[in-house]
1. Here are some residues: ALA31, ALA41. Which one is modelled with pLDDT of 95 or more, among the small types (Gly, Ala, Ser) and under 28 Å from the mean Cα position of the chain (by Cα)?
2. Of all the residues that make up region 35-61, how many are within 18 Å of GLN72 (Cα to Cα) and hydrophobic (A, V, I, L, M, F, W, C)?
3. Can you run down the residue pairs with Cβ atoms below 9 Å, 6 or more apart or on separate chains, where the first is in region 23-42 and on the phi > 0 side of the Ramachandran plot and the partner is surrounded by 10 or more Cβ atoms within 10 Å (Cβ to Cβ)?
Amino acid sequence: MARPQRLDDLASIEARREVLRAELADLDTRAKAAEQAARDAGRSTLLEALDRVKIAAMSKHEARSIANAIGQYGGKVIAAQLSSLQAASAQPG
């Protein structure tokens, strides 16, 4: 069984290093694209849900605040907070 060639000379080491740097750069680019896609994965679901309900007038500031809260805390946390808000408003007071 043949042994892999040892990379003892400087030129071979530098060449291998450049190949690895290129691979790492490619992986970094792909990871960034995947992170961006994951960060925006819920947009279509939210827009579909918004299309099915009537929404009263609101300012750009209010809309931006809602969107920022979803972006910062995630849909699950915002939905839980809205559910508790709805439950509190439904209780006779």
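1. Numbers: ALA41 fails: modelled with pLDDT of 95 or more.
Answer to the selection: ALA31.
2. Matching residues across region 35-61 total 5.
3. Listed pairs, sorted by first residue: none to list.
The values are calculated or read from the model by the stated rules, or taken from the named source; none is laboratory data. Predicted model only: the values in this text are computed from it and were never measured. Cβ sites come from the backbone with ideal geometry, for glycine too, and all protein chains shown count toward neighbours.
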